[in-house]
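A.B. asks: The structure follows.
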Amino acid sequence: MVDLSNITDVEKVLDELSLEDDIIFINNASKITPIDSIQNISNDDIVNSITTNFIAPALIVKKLSNKKSL
């Protein structure tokens, strides 16, 4: 398991990933907290949410797409 909010962890797992076998990627990770007015949400919480919901899955898809043409 990998913490998708930590890009360093994501990149480490991707570097160790063997692309020799068929891989099925199911993205079920998401983060919806904190739920509050934008003025009350910390910058760290915003970055964490965007990293978990968009950046990490995009990096994973990029790595997997390098395996072979889709």
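A.B. asks: So, in region 36-58, how many residues would count as being over 14 Å from the mean Cα position of the chain (by Cα), assigned to a helix (DSSP H, G or I) and among the hydroxyl-bearing types (Ser, Thr, Tyr)?
C.D. replies: 0
A.B. asks: Could you tell me which residue of region 59-70 is modelled with the lowest pLDDT, considering only residues that are among the hydrophobic types (A, V, I, L, M, F, W, C), over 16 Å from ASP3 (Cβ atoms) and not in a loop (DSSP other than H, G, I, E, B)?
C.D. replies: Narrowing region 59-70 to residues among the hydrophobic types (A, V, I, L, M, F, W, C): 59-61, 64, 70.
Subsequent filtering for residues that are over 16 Å from ASP3 (Cβ atoms) retains 61, 64, 70.
Imposing the further condition that a residue be not in a loop (DSSP other than H, G, I, E, B) reduces the set to 61, 64.
On the way: VAL61: 87, LEU64: 82.
Here the residue is LEU64.
A.B. asks: Continuing with this model, one more query. Search region 35-53 for residues that are under 15 Å from ASN6 (Cα atoms) and pair each with any residue that is not in a loop (DSSP other than H, G, I, E, B) when their beta-carbon atoms are under 9 Å apart and the residues are at least 6 apart or on different chains.
C.D. replies: Pairs that qualify, where the first residue is under 15 Å from ASN6 (Cα atoms) and the partner is not in a loop (DSSP other than H, G, I, E, B), are ILE46/ILE38; THR51/ILE7; THR51/VAL10.
A.B. asks: Just the residues that are among the acidic types (Asp, Glu), exposed (fewer than 10 other Cβ atoms within 10 Å of the Cβ) and part of a loop (DSSP other than H, G, I, E, B), please, taken from region 1-35. Write out each step before concluding.
C.D. replies: Residues of region 1-35 that are among the acidic types (Asp, Glu), as a first pass: 3, 9, 11, 15-16, 20-22.
Next cut, exposed (fewer than 10 other Cβ atoms within 10 Å of the Cβ) only: 15-16, 20-22.
Once the filter is applied, which keeps residues that are among the acidic types (Asp, Glu), exposed (fewer than 10 other Cβ atoms within 10 Å of the Cβ) and part of a loop (DSSP other than H, G, I, E, B), region 1-35 yields GLU20, ASP21, ASP22.
A.B. asks: What's the number of the condition GLN39 fails, among (1) open to solvent by 50 Å² or more (accessible area, probe 1.4 Å); (2) in contact with a Leu (Cβ under 9 Å, 6 or more places away or on another chain)?
C.D. replies: (2) is the only condition that GLN39 fails.
A.B. asks: Then there is this: If you go through region 46-66 one residue at a time, how many are of a type in the set (A, V, I, L, M, F, W, C) and more than 21 Å from ILE23 (Cβ to Cβ)?
C.D. replies: 3
The values are calculated or read from the model by the stated rules, or taken from the named source; none is laboratory data. Quick caveat: nothing in here was measured; it's all calculated off a predicted structure. We place every Cβ from the backbone using ideal geometry, glycine too, and count neighbours over all the protein chains shown. SASA here: full protein model, heavy atoms, side chains in, ligands and nucleic acids out. Shrake-Rupley method; radii C 1.70, N 1.55, O 1.52, S 1.80 Å.
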